[in-house]
Amino acid sequence: QVQLVESGGGLVQAGGSLRLSCAASGTTFSMYVLGWFRQAPGKEREFVAGIRWNGGTTSYADSVKERFTISRDTAKNTVYLQMNTLSPEDTAVYYCAADKGGYYRGRYTYSQGENYDFWGQGTQVTVSL
């Protein structure tokens, strides 16, 4: 069974940084895309960033491009989301997700939540003024 466990969330002031981690286990992720999504109260879930396990191709939402960086450590089976220049608009629960067939599709599909087969429990990020 694939398991995804997020960590690293917390409270940070506007302009600050956080790094989220997603510990992935239960399979070999060679053919996977790993992604980050977020959901704020009263809002729909939205795509943040995605990365192909093999090769490291990435995709970002326009709202976070040049501020956030997704990466992975294949030896540790861990995906990271480095978040810089945080704004209160970034406040949300952040979820790690895994798409088992993402390797076979283009990066334009990374943003589609329906493609993801497994989800973590989420970690809260709160950005204050």
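Data for the structure
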{"read-out": "Semi-axis lengths (Å, descending) of the ellipsoid that matches the C-alpha gyration tensor of the stretch 88-128", "value": "25, 12, 6"}
{"read-out": "Charged-residue dipole, Cβ positions (Lys, Arg, Asp, Glu), the stretch 57-104 about Cα centre, Debye nearest 20", "value": "220"}
{"read-out": "Value of relative contact order over the stretch 1-128, rounded to a whole percent, pairs C-alpha under 8 Å and six or more apart", "value": "35"}
{"read-out": "With DNA, RNA and ligands ignored, accessible area of Asp62 (1.4 Å probe; Å², nearest 10)", "value": "140"}
{"read-out": "Estimated FRET transfer efficiency (Thr28, Thr126; beta-carbon r; R0 30 Å; 0.05)", "value": "0.30"}
{"read-out": "Rg followed by Dmax, in Å, when the stretch 10-79 is reduced to its Cα trace", "value": "13.3, 38"}
{"read-out": "Probe 1.4 Å, all protein chains present, accessible-area order of Val48, Val5, largest first", "value": "Val5, Val48"}
{"read-out": "Simple Cβ-charge dipole of the stretch 1-57, Lys/Arg +1 and Asp/Glu -1, about Cα centre, in debye nearest 20", "value": "60"}
{"read-out": "Cross-link reach list, lysines versus Lys76, counting only Cα pairs under 24 Å and skipping chain neighbours closer than eight places", "value": "Lys100"}
{"read-out": "Accessible area (Å², 1.4 Å probe, nearest 10) - Met83", "value": "0"}
{"read-out": "Check: the stretch 1-120 dipole with +1 on Lys, Arg Cβ and -1 on Asp, Glu Cβ, in debye", "value": "260"}
{"read-out": "Cα convex hull of the chain - mean projected area over all directions, nm²", "value": "7.1"}
{"read-out": "Spacing of the two label points (7 Å from each Cα toward its C-beta) at Lys65 and Ala40, in nm", "value": "2.0"}
{"read-out": "Glu6, Glu44, Glu89, reordered so the largest accessible area comes first (probe 1.4 Å)", "value": "Glu44, Glu89, Glu6"}
{"read-out": "Asn54-Thr85 FRET efficiency (beta carbon distance; Förster radius 22 Å; 0.05 resolution)", "value": "0.15"}
{"read-out": "Exposure ranking of Arg45, Arg107, Arg38, Arg67 by accessible area [1.4 Å probe, largest first]", "value": "Arg107, Arg45, Arg67, Arg38"}
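The values are calculated or read from the model by the stated rules, or taken from the named source; none is laboratory data. This is a predicted model, so every value here is computed, not measured. Here Cβ is always computed from backbone atoms with ideal geometry, including for glycine, and neighbour counts include all displayed protein chains. All accessible areas refer to the heavy atoms of the entire protein, side chains included, with ligands and DNA or RNA removed. Shrake-Rupley method; radii C 1.70, N 1.55, O 1.52, S 1.80 Å.
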